[in-house]
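**Student:** So that we are looking at the same thing, I have put the structure below in structure tokens.
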Amino acid sequence: MTESRTRTAVVTGTSSGLGKGVAERLVALGWDVLGTVRADGAELPFDTVHCDVTDDNSVARLGERVLQQWGRLDALVNNAGIVLTGPVEELEPAELRHQLDVNLVASLALVRACLPALRAASGVIVQVSSVAGYSADELFGPYNASKFGLEGASEALAEEVRGQGVRVVVVEPGPFRTDIAKKSPQVAGKGFTGLYEPGWRELDEWLDWHASTSPDAEMAAQATQAEDFLRTL
Ligand SMILES: NC(=O)c1ccc[n+]([C@@H]2O[C@H](COP(=O)([O-])OP(=O)(O)OC[C@H]3O[C@@H](n4cnc5c(N)ncnc54)[C@H](OP(=O)(O)O)[C@@H]3O)[C@@H](O)[C@H]2O)c1
């Protein structure tokens with residue numbers, strides 16, 4: 001780091017899990033952080049703004065606020081996400097659209113809203129993908145689609161903004177323990193075909209492991225390349 005001015009970051013989905021962990025660690029590194037939340041209540045050591053990332057107006061207002069408040073943005077961490085699991089045949093198209101809306105479309109809308117401020121700082125966009133962004137598993141189709149899509153769109157974006165001094169980083173964590181599965185919508189038609197019972201059983205067992213014994217989110221926040229990368233700015 002060559003300048004001593006305070007670095008600024010927007011982190012989406014900071015009520016819990018990885019987003020909260022990354023935002024807290026950026027604060028510990030001396031950054032000014034604006035985190036998005038959807039509900040009041042949590043005591044957080046950084047400023048927050050109410051924003052459902054699927055609400056286009058909220059996202060646009062967030063971009064305007066960043067420009068007014070800071071004039072520049074060093075990092076946008078697109079972290080907010082949900083995981084919808086189930087076989088394609090048992091999914092309603094609206095459920096699939098919602099998964100893509102939160103994890104993929106909203107991340108790009110955030111980029112769009114924040115690019116003027118990111119350009120002003122030669123900032124970085126950190127896209128939180130997953131191992132599920134390059135490796136697919138049965139019953140993870142909606143989530144795989146959202147993260148594979150995020151990775152493809154981010155590769156294109158990186159080329160688009162390279163000449164503007166803005167960088168794009170995709171991080172691909174493995175599983176870590178959060179309430180993401182519990183907080184995400186459940187498939188309304190789970191099991192209605194009777195054809196995917198072994199897959200559902202295996203998935204439920206995996207989700208139990210994920211919620212109880214996989215590595216915790218604090219460890220993930222420490223280990224993630226997102227933070228390692230931001231530390232070098
Ligand atoms: N946990 C894992 O094993 C794992 C592995 C690889 C990648 N990831 C990725 O890591 C990211 C964070 O997940 P996590 O595991 O830390 O889960 P988490 O604790 O559930 O955090 C997800 C965050 O996203 C927010 N969010 C969800 N829908 C939103 C919306 N429509 N608008 C605004 N915010 C919304 C949630 O806010 P609310 O509290 O309001 O719901 C929450 O703050 C996700 O992108 C996930 O795909 C997770």
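**Student:** Ratio of Rg to Rh for segment 128-202, alpha carbon only, Kirkwood?
**Tutor:** 1.10
**Student:** Here is a follow-up. Would you mind getting the Kirkwood hydrodynamic radius of segment 1-120 from its Cα pairs, rounded to one decimal in Å?
**Tutor:** Mean inverse Cα-Cα distance, inverted, gives 15.1 Å.
**Student:** Ratio of alpha-carbon Rg to the 2.2 N^0.38 Å globular estimate for segment 144-183, to two decimals, please.
**Tutor:** Expressed relative to 2.2 N^0.38 Å, the Cα Rg reads 1.53.
**Student:** Can you tell me the length gained on complete extension of the stretch residue 97 to residue 131, counting 0.36 nm per residue apart and subtracting the Cα distance? Don't skip to the end; give the middle numbers.
**Tutor:** Working: separation 34, 0.36 × 34 = 12.24 nm, distance 2.10 nm.
The residue 97-residue 131 span can extend by a further 10.1 nm.
**Student:** Roughly what angle does helix 106-121 make with the longest principal axis of the chain, taking Cα atoms, 0 to 90 degrees, to the nearest 10?
**Tutor:** The angle comes out at about 20 degrees.
**Student:** Give the share of C-alpha pairs in each 5 angstrom bin for the chain, from 0 to the last occupied bin, in whole percents, shortest bins first.
**Tutor:** Spelled out per bin, shortest first, that is 1, 7, 14, 19, 20, 16, 11, 6, 4, 2, 1, 0, 0.
**Student:** Compute the acute angle (0 to 90°) between the alpha-carbon long axis of helix 56-69 and the principal axis of greatest extent of the alpha-carbon atoms of the chain; round to the nearest 10°.
**Tutor:** 20 degrees
**Student:** Placing unit charges on C-beta atoms (Lys and Arg positive, Asp and Glu negative, everything else neutral), compute the dipole magnitude of segment 8-231 about its Cα centre in debye, rounded to 20. Walk me through the numbers before you get to the answer.
**Tutor:** On the way: 18 positive and 32 negative charges, 163 e Å.
Around 780 debye, computed over segment 8-231.
**Student:** Another question, if that's okay. Using only Cα atoms and rounding to the nearest 10 degrees, what angle (0 to 90) does helix 141-161 make with the longest principal axis of the chain?
**Tutor:** So the inclination is approximately 20 degrees.
**Student:** Could you tell me which of 99, 69, 39 has its Cα farthest along the dipole of the chain towards the positive end, charges placed at Cβ (Lys, Arg +1; Asp, Glu -1), taken about the Cα centre?
**Tutor:** Going by the charge dipole, the pick is 69.
Every number in this text was worked out from the coordinates using simple rules, so none of it is lab data. Every value quoted in this text rests on a predicted model; they were computed, and no experiment measured them. Positions of Cβ are backbone-derived with ideal geometry, glycine not excepted, and every protein chain shown enters the neighbour counts.
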